[in-house]
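The values are calculated or read from the model by the stated rules, or taken from the named source; none is laboratory data. All values reported here derive from a predicted model rather than from experimental measurement. Positions of Cβ are generated from backbone atoms using ideal geometry, with glycine treated the same way; all protein chains shown enter the neighbour counts. Only protein heavy atoms, including side chains, enter the accessible area calculation; ligands, DNA and RNA are left aside. Shrake-Rupley method; radii C 1.70, N 1.55, O 1.52, S 1.80 Å.
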Amino acid sequence: MMYVALLYETVEGFIERRAPFRAEHLALVERWHREGRLLLAGAFDPADGALLVFRVEDPAEVEEFVRSDPYVRQGLIPSYRVRKWNVVVGGDRA
């Protein structure tokens, strides 16, 4: 298992524009959290981006999450980065 950080960049007016897709996005996030693959998730303040922290077997799983995220599909996330994260302090070191 490894930690993987997903960094989203959001569009201008993200908070207002996400409203029609928020319930579907939160259902996706909650399902991945229940499954133990998504540990933390949230938008930055101001909401010009977001950070999601995963614990998965392969970074390809995070790409699967991105492809299914309504925020991405609806163009609210113009760019993102998936990065393996070497945890030094806290959590279960991978």
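Quick look at the values:
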item: Fully extended contour minus Cα-Cα distance, from Asn86 to Ala27, at 0.36 nm per residue; result: 18.5 nm
item: Normalised contact order of the chain, rounded percent, pairs of Cα under 8 Å and 6 or more residues apart; result: 47 percent
item: Fraction of accessible area attributable to carbon and sulfur, the chain (%, probe 1.4 Å); result: 51 percent
item: Which label in [x] 11.6, 34; [y] 13.1, 38; [z] 13.6, 43 gives the computed Rg and Dmax of the Cα atoms in Å; result: [y]
item: Residues listed by number, the range 1-25, amide nitrogen under 15 Å from Gln74 label point at 7 Å toward C-beta; result: 10-25
item: Accessible area per residue in Å² at 1.4 Å probe, computed on the chain; result: 62 Å²
item: Under the Karplus curve 6.51 cos²θ - 1.76 cosθ + 1.60, θ = phi - 60°, whole-Hz ³J(HN,Hα) for the range 25-36, x wherever Gly or Pro sits; result: 4, 5, 5, 4, 4, 5, 5, 5, 5, 4, 6, x
